[in-house]
Ligand code: CMP
């Protein structure tokens, strides 16, 4: 079925000037952009967004990274969106990501991995609503 996923082009990808190339790849892979903006997460935003990771040793580093500069937040629509987007971005650690995936091409490390993709339909809805009102979704 056609459904939606949520993505962020993370601060490292924006800093390195990869917004255009990554959006081109997303569009060419058949995803329709239904919401999008350049924004910056506050510390409180990042702590809430990544609350599931708050006991992990990398949590402070993750919050620092995700708040250090602007991100591109977007909601994407496609047949089988969540799973197909995770295939397009590749494994969390770019060292393990398949050739041609976004993380293989644009990520430097497991901690600065260029792009986020929701891991389930439920999380896609929660994460999309975190960043966008209903009126901002097309
Ligand atoms: P993502 O899977 O989108 O969401 C959780 C993030 O935490 C992950 O991307 C990485 O940015 C980060 N992360 C996951 N595992 C590690 C790790 N072992 N060390 C540092 N950061 C990590």
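Computed from the coordinates by the stated procedures, all read-outs in this text should not be read as laboratory data. Keep in mind that what you see is a predicted model, and the values were worked out from it rather than measured. Here Cβ is always computed from backbone atoms with ideal geometry, including for glycine, and neighbour counts include all displayed protein chains.
List the number of the failed condition for residue 75; all other conditions in (1) in contact (Cβ under 8 Å) with a residue 60 or more places away in the chain; (2) surrounded by 20 or more Cβ atoms within 10 Å (Cβ to Cβ); (3) within 13 Å of the ligand (Cβ to nearest atom) hold.
Tallying (1) in contact (Cβ under 8 Å) with a residue 60 or more places away in the chain; (2) surrounded by 20 or more Cβ atoms within 10 Å (Cβ to Cβ); (3) within 13 Å of the ligand (Cβ to nearest atom), residue 75 fails exactly one: (3).
Quick check, is residue 38 without any contact (Cβ under 8 Å) to a residue 60 or more places away in the chain and not in a loop (DSSP other than H, G, I, E, B)? Before the answer, list the steps.
Working: without any contact (Cβ under 8 Å) to a residue 60 or more places away in the chain: yes; not in a loop (DSSP other than H, G, I, E, B): yes.
The answer is yes for residue 38.
Residue by residue through region 88-110, note down the ones that are surrounded by 13 or more Cβ atoms within 10 Å (Cβ to Cβ) and either under 16 Å from residue 25 (Cα atoms) or in contact with a helix residue (DSSP H, G or I) (Cβ under 6 Å, 6 or more places away or on another chain) (or both). Break it down into steps so the answer makes sense when it comes.
Of all residues in region 88-110, those surrounded by 13 or more Cβ atoms within 10 Å (Cβ to Cβ) come to 88-94, 97, 101-108, 110.
Result: 88, 89, 90, 94, 97, 101, 102, 103, 104, 105, 106, 107.
Find all pairs meeting these conditions: Cβ atoms under 8 angstrom apart; at least six residues apart or on different chains; first residue within region 1-25 and without any contact (Cβ under 8 Å) to a residue 60 or more places away in the chain; second residue crowded, with 20+ Cβ neighbours inside 10 Å and in a helix (DSSP H, G or I).
19/13
Step by step: first the residues of region 47-71, then only those that are in a loop (DSSP other than H, G, I, E, B) and within 20 Å of residue 131 (Cβ to Cβ), then the one that is nearest to the ligand (Cβ to nearest atom). Which residue is that?
So in region 47-71, the residues in a loop (DSSP other than H, G, I, E, B) come out as 50, 54-58, 68-70.
When the remaining residues are screened for being within 20 Å of residue 131 (Cβ to Cβ), the result is 50, 54, 68-70.
Details: 50: 6, 54: 11, 68: 13, 69: 14, 70: 16 Å.
Among those that are in a loop (DSSP other than H, G, I, E, B) and within 20 Å of residue 131 (Cβ to Cβ), it is 50.
Being within 11 Å of the ligand (Cβ to nearest atom) and in a strand (DSSP E or B) is the filter; apply it to region 78-124 and report the residue that is nearest to the chain's Cα centre (by Cα).
116
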